[in-house]
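Nothing in this text is a laboratory measurement; each read-out follows from the coordinates by a stated rule. All of these numbers come straight from a predicted model, not from anything done at the bench. Cβ placement follows ideal geometry from the backbone for every residue including glycine, while neighbour counts extend to all protein chains displayed.
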Amino acid sequence: MTSCIFCNIVEGSIPSEKIYEDEHVVAFMDIMPVTKGHVLIIPKTHRENLYEMTSEEAAQVFSVAPKIANALKEEFAPAGLNVLQNNGAPAGQAVFHFHMHLIPRYDRSDGFQPQWDPQTDTFTVERIKEIAVGIRKKLL
Ligand code: 5GP
Ligand code: ZN
């Protein structure tokens, strides 16, 4: 047993409904699903969040997403699907082992209601340009 719930799920020391497993990745049913078929995909190695992931680990997680999304599509015929990945408590992260949510969508008033409030007065075209300059410098 470790103090990380998802590491315990990987090890099998706490129960979960696993739907997929390979050398690097596990996918299992979210215990408090917001819609039918809500799945989490995680790396087997403990990584707290996206910042800690290597590109290879991120690729391993994402590489199974289309396969699982298509299984959800075939099984439940949802009208859509959201991919969600939270980093840090203010962003909604509650379990600090990287995970990607796959949330099948049935209609706009199902259990998942993301709020999207564009700040177009603050972030003018000029301001976006300045922000992009700062980010590009960090990517050099
Ligand atoms: P977060 O808010 O960190 O992005 O999402 C954490 C997710 O993990 C939540 O949707 C929550 O329902 C799920 N979760 C928390 N504890 C457990 C657990 O013990 N088992 C499973 N299967 N899911 C869990
Ligand atoms: Zn962990």
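Simple spin-label estimate for MET32 and GLN113 gives 1.7 nm between the two label positions (7 Å along the Cα-to-Cβ direction from each Cα). The simple spin-label model puts a point 7 Å past each Cα toward its Cβ; for ALA77 and ILE135 those points are separated by 3.9 nm. Determine how many Å³ per residue the convex hull of the Cα atoms of the range 95-137 encloses. Once divided by residue count, the hull of the range 95-137 is 165 Å³. Mark the label point 7 Å from the Cα of ASP22 along Cα→Cβ and return the residues of the range 58-102 whose backbone N is within less than 15 Å of it. The answer is 58-71, whose backbone nitrogens lie closer than 15 Å to the label point. Each label was represented as a point 7 Å from its Cα along the Cα-to-Cβ direction; for MET1 and SER63 these points are 3.5 nm apart. If Rh is defined by the Kirkwood formula over all Cα pairs and Rg also comes from Cα, what ratio Rg/Rh do you get for the range 5-139? Checking Rg against Rh, the ratio lands at 1.03. Checking the Cα-Cα distances for LYS44/LYS138; LYS18/LYS73; LYS67/LYS137; LYS18/LYS67 against a 25 Å cut-off, the pairs over it are LYS44/LYS138; LYS67/LYS137. How high is the relative contact order of the range 5-139, given as a whole-number percent (alpha carbon pairs under 8 Å, six or more residues apart)? Answer for the range 5-139 is 24 percent. Along the chain, the exposed loop sites are chymotrypsin sites (Phe, Trp or Tyr not before Pro) outside DSSP states H, G, I, E and B with at most 12 other Cβ atoms within 10 Å, and the longest stretch free of them is 1-115. Multiplying the residue separation of ALA89 and ILE14 by 0.36 nm and removing their Cα-Cα distance gives an extension gain of 24.6 nm.
For the pair the range 1-74 and the range 83-140, the centres of their Cα atoms are 20 angstrom apart. Using Cβ point charges alone (K and R +1, D and E -1), the dipole size of the chain about the Cα centre works out to roughly 380 debye.
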